[in-house]
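For reference, the structure is listed below as structure tokens.
The values are calculated or read from the model by the stated rules, or taken from the named source; none is laboratory data. Treat the numbers as computed from the prediction; the structure is a model and nothing was measured. Glycine also receives a Cβ, built like all others from the backbone with ideal geometry; neighbour counts cover every protein chain displayed. What goes into the accessible areas is simple: the full protein's heavy atoms, side chains included, and nothing from ligands, DNA or RNA. Shrake-Rupley method; radii C 1.70, N 1.55, O 1.52, S 1.80 Å.
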Amino acid sequence: VDLRLFERRNFWTSTVAMAIAYGTFFGTLVLLPLWLQQYMGYTATMAGMVLAPVGLLAILLSPLVGRNISRVDPRVFATASFAIFAIVLFMRSQFNTDADFRTLMVPTILQGAAVAVFFIPLVSLSLSGLTPDRIPAASGLFNFARITAGSFGTSIATTMWDRGASLHHAQLAEHISPFDANAVQALDNLHASGIGQQQSYQMLNRLIDQQAFMLSANDIFFASAILFLLLIGVIWLARPVKIAA
């Protein structure tokens, strides 16, 4: 492992940006179907259909990026990618439990454009200015950082989701008391429909869980959007490819 590669500004900036961005992207990518299946009543197939359109724009735009990567500054492409990721995550941070299939799918379609200009520009930046004998080592280290960050991103996102849901659950449950008119009315309606007291509490707790996990997911999507915007600054720490060469 040639750690001296990190002495090169373009290599460490692109590697750091790729690792953090890919970890964030992969963490939120795993989180969305978990939320849909566990708390929105989606089957695995339906959750997959929500995520499937991410490939549409990626397939259409990737060849264009590949053709123009030598003519356009890779930092411009990477900036566009991170900006689109931020917009997509801001949109997802506004989701609620009434979101329909179309509302869930629109950000996924837009995300395809971000994916198309995500990998190629950062790889180009990381390898710019390197002699041919150092490219295999640089490529291996770059991809190792990306894959490792993806694993960390998944674990961190799901852990934060659970912890955030516990916090929101506690805050929402504070309103369930004999002195809260909405809580009393909800329990009375459940009792009037023939549901026992214990079952009523269980159903109410399920509703609180649903809202708590939704709010926690929204928090993660919002924080991830801010992180992508900050990573744009990291990208522009790299030198232009022509100068680096």
Taking segment 41-52, which residues are surrounded by 18 or more Cβ atoms within 10 Å (Cβ to Cβ) and either aliphatic (A, V, I, L, M) or not in a loop (DSSP other than H, G, I, E, B) (or both)?
A47, V50
Among the residues of segment 187-209, is there at least one that is in contact with a Lys or Arg (Cβ under 8 Å, 6 or more places away or on another chain) and of a type in the set (K, R)?
no
Those residues of segment 107-135 which are assigned to a loop (DSSP other than H, G, I, E, B) and open to solvent by less than 40 Å² (accessible area, probe 1.4 Å), in sequence order
V117, F118, S128, G129, L130
When you scan segment 136-245 for helices (runs of 4 or more DSSP H) that lie fully inside it, which ones turn up with 1 or more residues that are open to solvent by 50 Å² or more (accessible area, probe 1.4 Å) and in contact (Cβ under 8 Å) with a residue 40 or more places away in the chain?
197-235
Using the structure shown, decide if T131 is of a type in the set (V, I, T) and farther than 23 Å from G48 by Cβ.
yes
Matching option when the condition is open to solvent by less than 40 Å² (accessible area, probe 1.4 Å), in contact with a Phe, Trp or Tyr (Cβ under 6 Å, 6 or more places away or on another chain) and either within 17 Å of A217 (Cβ to Cβ) or not in a helix (DSSP H, G or I) (or both), among L104, L32, L36:
L36
Out of everything in segment 61-91 that is open to solvent by 40 Å² or more (accessible area, probe 1.4 Å) and of a type in the set (V, I, T), what residue ends up being farthest from I226 (Cα to Cα)?
V72
All positions within segment 1-29 that are farther than 21 Å from M160 by Cβ, open to solvent by less than 50 Å² (accessible area, probe 1.4 Å) and β-branched (V, I, T):
T13, T15
